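> Structure in structure tokens, see below.
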Amino acid sequence: MELGSRSAATVTEGPGVYRFVFLVSILVAALTAVTWALAMTALPNKVPYPFTGPEIAAQWPGDYLWMYPAMLLMLLFVAQVAAIHSWAPSCKRVFSLVGLCVAVLASAVLLIDYYLQAAVMQVSLEKGQLDGWAMLTQYNPNGVFIALEELGYLLMGVVFLCLAPVFVGKTGIERALRWLLRASFALAVLALVVVSAIKGSDRGDTFEIAVISIVWLTLIVAGTLSAIVFRRAGKE
């Protein structure tokens, strides 16, 4: 199904929708790359419980810098999914609506997770107020931070699966988007199954690293491809 066969309501929304989705898609891809680069330069050391060794203070504030663009990325992700839902063909909007609802949940989980680290945990570290630190800190591979990241990025994988049917065009780019979004969800689930089978419930940060890498790579590639799709659609 090409652009011309989409619902009349979608087509008559005008080029503003296409420009908005194009811009947001570009920003999502670019900001994901920036966030990933910062995160890679701030990987936490493997420190023993209770995760208050001198290595932690030595890495402050570098290990928290990537969370600021990550929070902005969550807002842009919701905006992107909302715009795609507005653009979707009427017969596919049930999928994009579910994707939008799940995107809100995923972004809320990750926003809360990152905000707590940035606004609470690093201030506690700076002041040396470390009571209850171990369960919440990002340095605990079995702590709350890692668990919420796993949940948030798994939900983002579900969003990808919901958005895949929306790209109904016969162009190579839209076919690539469909396969990429479905493959991302499948890889996230496969990573969870494999890591859980090998390590059981004590997964540490192995699955978290895997799923965040899958999702971030998808955001970069899918953001770029979708920007091309909407750029062409706006011109048409």
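The values are calculated or read from the model by the stated rules, or taken from the named source; none is laboratory data. Note that the coordinates shown come from a computational prediction; the quantities given were computed from them, not determined experimentally. Heads up, the Cβs are rebuilt from the backbone with ideal geometry, glycines too, and the neighbour counts pull from every protein chain shown. Side chains included, ligands, DNA and RNA excluded: accessible areas come from the protein's heavy atoms. Shrake-Rupley method; radii C 1.70, N 1.55, O 1.52, S 1.80 Å.
> Using only Cα positions of the chain, each an equal point scatterer, no hydration layer, compute I(q)/I(0) via Debye at q = 0.14, 0.17 Å⁻¹ and quote the log10 values to two decimals.
-0.87, -1.17
> Mind checking the per residue accessible area of the chain for me, 1.4 Å probe, whole number of Å²?
Normalised by residue count, the accessible surface of the chain is 47 Å².
> Carbon and sulfur atoms: what percent of the 1.4 Å accessible area of the chain do they account for?
Exposed carbon and sulfur together represent 72 percent of the surface.
> Right, another one. Relative to the longest principal axis of the chain, what angle (0 to 90°, nearest 10) does the C-alpha long axis of helix 93-116 take?
Approximately 20 degrees, to the nearest ten.
> Can you tell me the orientation of helix 67-87 relative to the chain, as the angle in degrees between its alpha-carbon axis and the longest Cα principal axis, to the nearest 10?
Here the helix axis deviates by roughly 20 degrees.
> Here is a further query. Counting each DSSP H run of 4 or more residues in the chain as -39500 (n - 2.57), what helix-only mean residue ellipticity at 222 nm follows after dividing by all residues, to the nearest 500 deg cm²/dmol?
Result for the chain, helices only: -24000 deg cm²/dmol.
> Hey, another quick one. Put +1 on the Cβ of each Lys and Arg and -1 on the Cβ of each Asp and Glu in region 34-180; which of Thr35, Tyr139, Thr171 then has its Cα farthest toward the positive end of the dipole?
In region 34-180, that residue is Thr171.
> How large is the charge dipole for region 83-189, taken about the Cα centre, if only the Cβ atoms of Lys, Arg (+1) and Asp, Glu (-1) carry charge, to the nearest 20 debye?
In total the dipole reaches around 720 debye.
> Mind putting a number on the dipole of region 141-236 about its Cα centre? Charges go on the C-beta only, +1 for Lys and Arg and -1 for Asp and Glu, and I need it in Debye to the nearest 20.
600 debye
> Turning to a different aspect of this structure: Placing +1 at every Lys and Arg Cβ and -1 at every Asp and Glu Cβ, with all other atoms neutral, what dipole size does the chain have around its Cα centre, in debye to the nearest 20?
1040 debye
> A further question follows. For Ser107, Ser213, Ser201, give me the order by solvent-accessible area with a 1.4 Å probe, most accessible first, ignoring ligands, DNA and RNA.
The ranking, largest first, comes out as Ser201, Ser213, Ser107.
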